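Laboratory data are not the source of any read-out in this text; all were calculated from the coordinates shown. Keep in mind the model is a prediction, meaning the values are calculated, not measured. Because the Cβ atoms are built from the backbone with ideal geometry, glycine has one as well, and the counts that use them run over all protein chains shown.
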Amino acid sequence: MKSNVILGEVIYRMDLEETAKQLTSQITTESIKGTNFIKVSVAADSPQKAKSLAENIVEVFLEQNEAEYQEKVKLLENRLKIIEEQIAEFEKNIQEIEKSKKKIATAEELTEGERQFQTSLLLSSLVAERELYNSLINQANRLKTSLKNCEDFKIINYAQLPAAPIKPNKKLNILIAGVLGLFVGVFVAFFLEFWQKGK
């Protein structure tokens, strides 16, 4: 959100005098813990300008990233579709192996040794197929979770005009001035006392 590309577009839209570097120092972005949300705060010389800046920054960011985001979602969906087709193929293979096992078990023309040999071949093939099948199921589940977490870019809360300016904090400044005045007064009193005793 603080990139020159986004801020350049914001400057152009709002017809601002500031440079992208100057705007960067006025913008604060923060990832909200445990979510995919980003909080954008803007400090400016007027509340209306701060609100307008925040709205424009978010708007430009959404416009510039929406196409790329949709492309990534499409790639995930295509990958999931391919994996689901492979899963269906493996399910078919596993069912065929199970049918072949039953045929071998009931085949009267085979000797016991031939039956065991062919069954062991089918079992090893079945184990390999099941491992690949389970791996594909896990991949599909991860992709589904990723797709579920992929929500469209949207604004949760719109910029609001602040009730009071954040700078200067008059109460804090008065408090600091009072404490400093007290310390300076005490220091001057001790200094004068020390100076008069020295004479």
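So what's the angle, to the nearest 10 degrees on a 0 to 90 scale, between helix 112-149 and the longest Cα principal axis of the chain?
Tilt relative to the chain: about 20 degrees.
Please check: in the Gaussian network model of the chain (C-alpha springs, under 10 Å), which one of ASN65, ASN138, ASN169 has the largest mean-square fluctuation.
Among ASN65, ASN138, ASN169, the largest mean-square fluctuation in the Gaussian network model of the chain belongs to ASN169.
Highest GNM mean-square fluctuation, the chain, Cα pairs closer than 10 Å: which of THR19, THR145, THR111?
For the chain, modelled as a Gaussian network with Cα springs under 10 Å, the answer is THR111.
Translational diffusion coefficient of the stretch 4-154 at 10 °C, 1.306 mPa s, Stokes-Einstein with Kirkwood Rh over Cα pairs, in µm²/s as a whole number.
Taking Rh from Cα pairs, D becomes 77 µm²/s.
Exceeding 18 Å between C-alpha atoms, which entries from my cross-link table qualify? They are LYS49/LYS171; LYS74/LYS148; LYS2/LYS33; LYS2/LYS39; LYS39/LYS148; LYS74/LYS144.
Beyond 18 Å between Cα atoms: LYS49/LYS171; LYS2/LYS33; LYS39/LYS148.
Under a Cβ-Cβ cut-off of 14 Å, what is the net charge of the residues other than ILE94 that fall near it, where Lys and Arg count +1 and Asp and Glu count -1?
That works out to -1.
For the chain, what is the mean residue ellipticity at 222 nm derived from helices alone (per DSSP H run of n ≥ 4: -39500 (n - 2.57); sum divided by total residues; nearest 500 deg cm²/dmol)?
Result for the chain: -26000 deg cm²/dmol, rounded to the nearest 500.
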